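Let me begin by presenting the structure, written as structure tokens, before commenting on it.
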Amino acid sequence: KPITTPINQLNFTVGILATPQTTKSKSYTREIHKRNQSIRVIEQPCPHLAPLIENGETKQFNTEAIKCLSNLENRIGGDTYHAILLGCTHYSLIIDIIKQNLPAHIKVYDQASLVAQSLADYLHRHPEFKNPSGKSCVYLTTGHPDLVSRQAKTLMKHNYTFNHVDIE
């Protein structure tokens, strides 16, 4: 379920950059409209952005980000839009590239930051999840554990070992 709280306070047009599957589900539109039906939501699929980020193909980030933003602007049809929500947690890794290709007045909301803030708030309200034993963390992925472990090392400059988990 996407976190859309900051956008629900506003009354304007918001563009969502997300994976094709996410845009097909219309989950952001549903969540935003639960709180404010007057917000115009345009969900723009960016089919190549997450795979480029996952594969570390940095030379193509800018070109693909510009393509996604251009497609979004074409779909908005010349109307003014006020915000972009990065609807994939991968996109936070290239938020600066996205911001560089937007007018300064466009607010960019980062799903990864929103999720992290929401989780921090939840954990603060639920002290039973504190780790007084000092045990280590377990890292899980629904993807390929070896690939995700390598990517985490590249991005975070630290070794993390991921294990596969199936979620149904």
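Using the structure shown, decide if Ile98 is within 22 Å of Ile32 (Cβ to Cβ), surrounded by 10 or more Cβ atoms within 10 Å (Cβ to Cβ) and not small (Gly, Ala, Ser). In short, yes. Comparison of His144, His164 shows that the only residue that is on the phi < 0 side of the Ramachandran plot, in contact with a strand residue (DSSP E or B) (Cβ under 7 Å, 6 or more places away or on another chain) and surrounded by 11 or more Cβ atoms within 10 Å (Cβ to Cβ) is His164.
Being over 15 Å from the mean Cα position of the chain (by Cα), open to solvent by 30 Å² or more (accessible area, probe 1.4 Å) and aromatic (Phe, Trp, Tyr) is a condition met by no residue of the range 75-93.
What's the total number of residues in the range 19-50 that are under 13 Å from Cys88 (Cα atoms), open to solvent by 20 Å² or more (accessible area, probe 1.4 Å) and in contact with a helix residue (DSSP H, G or I) (Cβ under 9 Å, 6 or more places away or on another chain)? So the answer is 5. Here the condition is being modelled with pLDDT of 90 or more and assigned to a helix (DSSP H, G or I); of Lys24, Lys59, it holds for Lys24 alone.
The values are calculated or read from the model by the stated rules, or taken from the named source; none is laboratory data. Note that this is a predicted model, so its numbers are computed, not measured. All Cβ positions, even for glycine, are placed from backbone atoms using ideal geometry, and neighbour counts span all protein chains on display. Accessible surface areas use protein heavy atoms only, side chains included; no ligands, DNA or RNA. Shrake-Rupley method; radii C 1.70, N 1.55, O 1.52, S 1.80 Å.
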